[in-house]
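What follows is a short report on a single structure.
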Amino acid sequence: MRNATALMMLFALSGGILTLQAQTRHDIGRTRSPNPAPAPTVSTPSREPVRSDRPVQPSPPSPPPSVPAPVAVPSPVIVVSPPVVVVVPTGGTDIVGTPLAGSAGLPEREEPAVRFPMMGVEISDCWTEPDFAGYNFEDNTVVQFNDDDVDLSYDGRLKRINVPSDTDIQDLGTSNSVKEGLRIDKDGWASMKSVEVKDHHQYAVWLWDGDVVKVYVKEIHDDGFLFDWMPGAAMARSPAGGQLFGR
């Protein structure tokens, strides 16, 4: 009986201890454990992308090769006309040509204002177009038939070429062109200051200042005619037979 009582007391004491341990574990909890299990370590991913994910950066271009500074080339030496004869070692000679106009080292040559012969000039009939019926050789212009500076005019009704009182004209005959050199007759100047216009004829016009102009009629039409002209050999105005030509 005594042993049974002792055994019952032992069981009761063991149950109280177990109950006390359970209550203590409940109050402390797993997170309050004096020796908590270490939390798993999680590696934080780096913000820097790995090399395979980075955009490929192009390599800087190689510096260009150094270019030498331009070397000043001296201007060519131009030989001024007239041509110079140069003696070569072989005993022969060589001619240095005359440079063209506008070459380096030479002043610009002035081109003539008029290139001769003048081709295809046209004047009209003084009765239909009086403003275009005359011509001035000095200025190479078509003018009125009665202009103060007119050297030659055309009368379409009479088919005649007229010149002013201080100018003379003569028909030199049939010609192939204005360049053909036909003989001027000293006594062939028209006394009436007028000659008949004829196709393919050449005329000499003796101007007031002694200059001579050759005129070649190329074509005659109803309201005018076409002609070529160029300067001829000038002849001085001098008294002849007691009279001055053209005066």
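The values are calculated or read from the model by the stated rules, or taken from the named source; none is laboratory data. Since the model is a prediction, treat every value here as computed from it, not as a measurement. For neighbour counting, all protein chains shown are included, and Cβ atoms are generated from backbone atoms with ideal geometry for every residue, glycine included.
Before moving on, here are some points about what is shown:
- Total residues in the stretch 192-204, condition in a strand (DSSP E or B) and surrounded by fewer than 22 Cβ atoms within 10 Å (Cβ to Cβ): 4
- Matching option when the condition is in contact (Cβ under 8 Å) with a residue 24 or more places away in the chain, part of a loop (DSSP other than H, G, I, E, B) and surrounded by 17 or more Cβ atoms within 10 Å (Cβ to Cβ), among TRP208, TRP189: TRP189
- Where GLY181 falls short, out of the listed (1) more than 19 Å from ASP125 (Cα to Cα); (2) buried (at least 16 other Cβ atoms within 10 Å of the Cβ): (2)
- Residue satisfying condition, being touching a Phe, Trp or Tyr at 6+ places or on another chain (Cβ under 9 Å), of a type in the set (Val, Ile, Thr) and in contact (Cβ under 8 Å) with a residue 40 or more places away in the chain, within set VAL195, VAL215: VAL215
- Enumerated strands (runs of 3 or more DSSP E) restricted to the stretch 63-172, each holding at least 1 residues that are modelled with pLDDT of 95 or more: 118-124, 134-136, 141-143, 152-155, 160-162
- The listed residue being part of a strand (DSSP E or B) and not hydrophobic (A, V, I, L, M, F, W, C), out of GLU180, GLU219: GLU219
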